[in-house]
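Reviewing the structure listed below.
The values are calculated or read from the model by the stated rules, or taken from the named source; none is laboratory data. Remember, it's a predicted structure, so these values are computed and weren't measured experimentally. Positions of Cβ are generated from backbone atoms using ideal geometry, with glycine treated the same way; all protein chains shown enter the neighbour counts.
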Amino acid sequence: MKIWKYLALLGFIVPAQLLAAQVEIHNPWLKETIPGSENGAAYLTITNVGLEPVAIVGASTHAARLTEIHQHRMADGMMVMERLPQLTLQADETVVFQPGGYHLMLFGINRPFKPGDTVEFILQFNDGNEVPFTAEVRSIHE
Ligand SMILES: [Cu+2]
């Protein structure tokens, strides 16, 4: 017990929430807003670096009224979007959210996103963890 107190004093013990977070997020970005559009899409690469499966069960940002986990799929020869109630990542699995595939769908954005803007998000997981990340807006003309 004594040693733990010592380590805590030295700042070696990280908060429980950080300790339990078992995902790494890379390359988060958003599409520049198409003029007249009230919706948006955010993308990222996420890896489960833990030993157990974990599921993304939700996402939120103050920049939009509603954020949902979506994917694109073919249905009767048409590309359609559908909402996923959750997305499970197996241990060591990496999932790439990208145009034409998985995305975080933003409904009712507060203001148009311009290249270089940053937007804060929180991803919610089935183990109760919430992992924040900051996405940068990229031009749709690149
Ligand atoms: Cu969508």
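Looking across the stretch 98-124, just one residue is part of a strand (DSSP E or B), of a type in the set (S, T, N, Q) and either touching a His at 6+ places or on another chain (Cβ under 6 Å) or more than 12 Å from Ala59 (Cβ to Cβ) (or both), and that is Thr118. Selection of the stretch 69-83 for residues being surrounded by 14 or more Cβ atoms within 10 Å (Cβ to Cβ) and either outside any strand (DSSP E or B) or touching a Lys or Arg at 6+ places or on another chain (Cβ under 8 Å) (or both) yields Ile69, His70. Return the pair list, or none, for Cβ contacts closer than 8 Å from residues in the stretch 68-79 that are within 14 Å of the ligand (Cβ to nearest atom) to residues that are assigned to a loop (DSSP other than H, G, I, E, B) and of a type in the set (Gly, Ala, Ser), at least 6 apart or on different chains. Between residues of the stretch 68-79 that are within 14 Å of the ligand (Cβ to nearest atom) and residues that are assigned to a loop (DSSP other than H, G, I, E, B) and of a type in the set (Gly, Ala, Ser), the close pairs are Gln71/Gly101; His72/Gly100; His72/Gly101; Met79/Gly100. Scanning the stretch 93-115 for residues that are at positive phi and at pLDDT 95 or above yields one hit, Gly108.
If you go through the stretch 84-92 one residue at a time, do you hit one that is out of contact with any Asp or Glu (no Cβ under 9 Å at 6 or more places or on another chain), in contact (Cβ under 8 Å) with a residue 60 or more places away in the chain and assigned to a loop (DSSP other than H, G, I, E, B)? No - not one qualifying residue is present in the stretch 84-92. Among the residues of the stretch 41-67, those that are farther than 25 Å from Pro112 by Cβ and either of a type in the set (A, V, I, L, M, F, W, C) or within 15 Å of the ligand (Cβ to nearest atom) (or both) comprise Ile46, Val49, Leu51, Val54, Ala55, Ile56, Val57. In the stretch 129-139 there is at least one residue that is assigned to a loop (DSSP other than H, G, I, E, B) and either over 25 Å from Leu51 (Cα atoms) or modelled with pLDDT of 95 or more (or both).
When Asn129, Asn110 are checked against the criterion of being more than 13 Å from the ligand (Cβ to nearest atom) and either surrounded by fewer than 12 Cβ atoms within 10 Å (Cβ to Cβ) or under 13 Å from the mean Cα position of the chain (by Cα) (or both), a single residue qualifies: Asn129. Taken as a whole, the condition of being free of Cβ contacts under 8 Å to residues at least 60 places away in the same chain, loosely packed, with under 12 Cβ neighbours inside 10 Å and farther than 13 Å from Phe125 by Cα does not apply to Ala64.
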